[in-house]
1. Under the rule of at least 5 residues apart or a separate chain, name every residue whose amide H is placed under 5 Å from the amide H of VAL101.
2. So which DSSP H runs in the chain come out at 15 Å plus along the axis (Cα) with average Kyte-Doolittle of at least 0.0?
3. Would you calculate a helix-derived [θ] at 222 nm for the chain, using -39,500 (n - 2.57) for each DSSP H run of n ≥ 4 and dividing by the full residue count, to the nearest 500?
4. Based on the Cα coordinates of the chain, what is the per residue volume of their convex hull in Å³?
5. What FRET efficiency comes out for GLN157 versus THR121 if R0 is 25 angstrom and r is the Cβ-Cβ distance? Round to the nearest 0.05.
6. Take every Cα pair under 8 Å in the range 55-139 that's 6+ residues apart, average their separations, divide by the length, and report that relative contact order as a whole percent.
7. Once you have a ≥ b ≥ c as the square roots of the Cα gyration tensor eigenvalues for the range 150-228, tell me rounded if a/c is under 1.5, and otherwise prolate or oblate according to whether a/b is larger than b/c.
8. For the range 14-118, count the residues as N, evaluate 2.2 N^0.38 Å, and divide the Cα radius of gyration by that value, please.
Amino acid sequence: MIVSTVNSKGGVGKTTIAVHLADWLRLHGYEVVLVDCDAQRLSSRWLGFACPELNTVVLDTPVAIEARLPVLNDRYDAVIVDAPGGLGDIAGAILGQTDAVFIPTGPSNLDIMALSWATTTVHEVQRLRGGLPQTVIIPVQARAGRRTTNNLIERAQQFGFGITESLLPYREIYAQVSGLDDRPPKLLWQLGRSKRVRQAALEMDALLQEIFPEACEGDPNRIARMVSTKHQPCIEVKGNDTRKVANG
């Protein structure tokens, strides 16, 4: 399967979701490759520090994308593509090959405007490909129940896209994991077991479980165990619900 993160607007967590999805699938037994199509090369550098055992490939032209993605798809269980910001030729080539696309979107008017621009491109590709790629909006920098979040949900439905119940609210810890604070980039579940780490890691885990429930059927509490303290029960997050589960 080929899965891509795409957005016409930067700074919405596209790369953060891509690298965490890639490692999350690896932790659940998938053979994974991350394809970095962004000129900044952030996702491949990020995993180079945080998870060097996870294969990464850089593809930076439409021709290379169209030629290599099918080959990688035959070789790996999951191909995770981090698209560049914007909707140029490279993003178009990615949409032409991917099975599913996730569009992280904030609740601001600018974010929704960017989503409307992406909608035109995605719908055109879906028309040509018989409905593919499946498209899902991921609410980011959002809070459940807020008017702006409800507006985002309504607009996504108007555009004909699915939208996850799980939200990724704004958290300062994302600057730390991406290396923006001059520390080496890491993944959320590599940052220790503090309360803020657990909260962010379990939110990400809940999102990824919602997107790929079949991937974690054998061990749905793996991430919870990685970030739980020794004498505390794991906290399992499902969408907006939280419950305690046993360690182990």
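1. Those qualifying (amide H under 5 Å, at least 5 residues apart or on another chain) are SER4, GLN134, THR135, VAL136.
2. Sorted by number, the helices that extend far enough and score high enough are 14-27, 62-75, 109-128.
3. -13000 deg cm²/dmol
4. Taking the convex hull of the Cα positions in the chain, it is 119 Å³ per residue.
5. That pair, GLN157 with THR121, gives E of 0.85.
6. After rounding, I find 30 percent.
7. Oblate shape, in that a/c is at least 1.5 and b/c is the bigger or equal ratio.
8. The value comes to 1.06.
No lab work stands behind these numbers, since they all come straight from the coordinates. Note that the structure is a prediction, hence the values are computed from the model and not measured. Heads up, the Cβs are rebuilt from the backbone with ideal geometry, glycines too, and the neighbour counts pull from every protein chain shown.
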